[in-house]
Amino acid sequence: MNDSDTQLKKALNGDINAFESLFSQIHPQLKSYLYRLFADRNDVEDISHDTFVKAFDKISTFKGESSLKTWIFQIATNLAYDELRKRKRWQVDVQDRARALAGSSDEIKAEFKSVQNNSPYGNYEIIEHIDFCFTCISKTLVIEQQIALILKDIYDFSVKEISLIINKSEGVVKHLLIDSRKIMTNIFDNRCALISKKGICHQCSELNGFFNPKQNQQEVILALDLVKASDKFNREELFELRTKLVKSINPLQSNGSDLQEVIMKCTHLAITKN
């Protein structure tokens, strides 16, 4: 019996220290997942705390029919779903609203600069803003689509595992994935100037120019595999490449996570003002 099995056996017998040890191994990815659903650090802390409490309270019901990680993600997802369904879905133009708000507010600009200058996680990198954009666009999906997409394409859960997490058949999960990818791909085709000349959103390069005025933004943009691949413009391949970029980033612990959090707060504020 390995150490994890021993810890699980102790946890099943009510040992909270053993359960905490197992939970801590899952916690970083769980928080990252919850942040992609809520785009708010306070919500992440609240839901992850509630998940720990509920999971430990229900640990005696864990029968090993899935991995402990899948079971914990199921609890967290149920809690997240209950909260998310109370909230409005984000609109496709939410980033445009945030950009307009930031452009008209000296206070917000000052906050951006303060984080950039004083935080060790205040760097601006285009790849991280691509991750930010992915989160914003995914929040335009219906909740089940958003959850299924993120679990599969960003956190590599299998269709079978997702069906357990969201309590849907595998057939339903497959349809959720097909529909969510199609919607996301269409939105990126029409918005993202990095992959389409018709794209209306230049926020990645605009912010790069704002935060890195001495840097040649064209060199940065051209260095992205996403842009290189866009010459061929295979929609499915571009989406897969985008998810690959997103998977490489922990939105809570990246070089620019604090800066992106301020930008996300601005986005939330823009929603409330419209």
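The values are calculated or read from the model by the stated rules, or taken from the named source; none is laboratory data. These numbers were taken from a predicted model, which means no experiment stands behind them. Cβ sites come from the backbone with ideal geometry, for glycine too, and all protein chains shown count toward neighbours.
Points worth noting:
- Helices (runs of 4 or more DSSP H) lying entirely in segment 62-155 (those with 2 or more residues that are without any contact (Cβ under 8 Å) to a residue 24 or more places away in the chain): 68-84, 106-118
- You will find that of Gln116, Gln91, Gln74, Gln95, the residue that is surrounded by 12 or more Cβ atoms within 10 Å (Cβ to Cβ) and in contact with a strand residue (DSSP E or B) (Cβ under 8 Å, 6 or more places away or on another chain) is Gln95 and no other.
- Where a residue in segment 238-250 is on the phi > 0 side of the Ramachandran plot and its partner, wherever it lies, is surrounded by fewer than 17 Cβ atoms within 10 Å (Cβ to Cβ) and hydrophobic (A, V, I, L, M, F, W, C), with Cβ under 6 Å and at least six apart: none
- Any hit, segment 40-50, residues being modelled with pLDDT of 90 or more and either more than 27 Å from Phe134 (Cα to Cα) or aromatic (Phe, Trp, Tyr) (or both): no
- Residue within segment 210-223 that is assigned by TED's automatic domain parsing to the domain that holds Ile126, in contact (Cβ under 8 Å) with a residue 40 or more places away in the chain and in contact with a strand residue (DSSP E or B) (Cβ under 7 Å, 6 or more places away or on another chain) present: no
- Within segment 223-269, being more than 26 Å from Gly103 (Cα to Cα) and among the aliphatic types (A, V, I, L, M) holds for Ala223, Leu224, Leu226, Val227, Ala229, Leu238, Leu241, Leu245, Val246, Ile249.
- Flag set for Gln95, criterion: assigned by TED's automatic domain parsing to the domain that holds Gln145, within 19 Å of the chain's Cα centre (by Cα) and not hydrophobic (A, V, I, L, M, F, W, C).
- Restricting Phe62, Phe56 to those that are among the hydrophobic types (A, V, I, L, M, F, W, C) and modelled with pLDDT under 95 reduces the list to Phe62.
- Filter result for the condition that a residue is within 27 Å of Cys266 (Cβ to Cβ), charged (D, E, K, R), assigned to a helix (DSSP H, G or I) and touching a helix residue (DSSP H, G or I) at 6+ places or on another chain (Cβ under 6 Å), over Lys54, Lys10, Lys31: Lys31
- Test: Ile147 is farther than 17 Å from Trp90 by Cα, β-branched (Val, Ile, Thr) and within 18 Å of the chain's Cα centre (by Cα): no
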